[in-house]
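Only one structure is covered here, and it is reproduced in the block below.
The values are calculated or read from the model by the stated rules, or taken from the named source; none is laboratory data. Note that this is a predicted model, so its numbers are computed, not measured. Every residue, glycine as well, gets a Cβ built from its backbone with ideal geometry; the counts of neighbours run over all protein chains shown.
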Amino acid sequence: MDYVLWKPMQPWRLPFLAVVDQVGALRRALRVHLGHWGLHELTEDAELCAGELVANVIKHVGPETPATLVASYGGAHLRIEVHDPDTRALPRLRRENPNGEAGRGIALVDALSDRWGVELAGDHKVTWCEFRVAETGTTPQHLPTPRLARAADVMSLYSGARATRAPEGRGRLAAARAEDAAINAITDLLHWFCAQGWDVDDALDRAQSRFEAECEARLL
C-alpha cells in the first residue's frame, strides 16, 4: 500500500486496491491520522464506516478495484470518502428488510454517521459520510508535515493487534494504546542504534535538541 503524505487540516488521501486483506490496514491508517487531528471520540465510528464503504466497493464493484480513501476535517464536520471508478453501482439504503444481508453495510453507515451520500464525479463516484465534531476548545497540532507523515506511517505498523475496545472512555484508551505503540517504536530504534555500535545517549540528546529547536522555530 502506498501512503500519501498527510498535511494538517488538509484532506488525507490513501490509494488502495479493494481487497478484503486491505480493510484492516486502511482502518488502522485512518485511526492514526484522526488521532493526529484530535478526533479520538469519532475514531471508532469513522473506522467502522470507512470499512463498510470499502467492503461495499469489494462486493458491488469487484475485488482489486483501484480506489481511494479520503478523510477531510474542516469547520464542524469530519468527512470520510471512498472513491471508485464504477459510476453504475450506486449504494442505496434498503429499509424494507432490516434482517436481510443486502444493504447492511450502508444501514450501519446511516446509523453511525450524521449523513451520507453518493456523488458522481466524471469518471468515478464518491461515496461519503460525515460526522459532526463537538467543540472542545482544542485545535489540531500543526507539526512539521514530513515528520508527522513519516511518524504516522510508522505508527500504523505498530498499531495492528488490538484488544476489543471498551464502550466507555474509548478516547482515553485509544490515546494510551497510541502512546504505547510510539514507545515501542522508539525502543526498537534504540535497539537498532545499539546494534550499529552507535552511542544511544548521544542519539537521544541530538534528537531532543533537534525537536526543541523545531518547536521553538514554530513559535517565532
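Based on what the data block shows, is TRP192 closer than 22 Å to GLY35 by Cα and either of a type in the set (Gly, Ala, Ser) or modelled with pLDDT of 65 or more (or both)? For TRP192, the condition - closer than 22 Å to GLY35 by Cα and either of a type in the set (Gly, Ala, Ser) or modelled with pLDDT of 65 or more (or both) - is not met. Condition check for THR127 on (1) modelled with pLDDT of 95 or more; (2) of a type outside the set (A, V, I, L, M); (3) part of a loop (DSSP other than H, G, I, E, B): one failure, at (3).
For segment 28-43, residues that are basic (Lys, Arg) and surrounded by fewer than 19 Cβ atoms within 10 Å (Cβ to Cβ) total 1.
Might you check whether a residue that is modelled with pLDDT of 85 or more and part of a helix (DSSP H, G or I) occurs anywhere in segment 90-104? Within segment 90-104, not a single residue is modelled with pLDDT of 85 or more and part of a helix (DSSP H, G or I). Within the set ALA67, ALA55, the sole residue that is part of a helix (DSSP H, G or I), at pLDDT 90 or above and among the aliphatic types (A, V, I, L, M) turns out to be ALA55.
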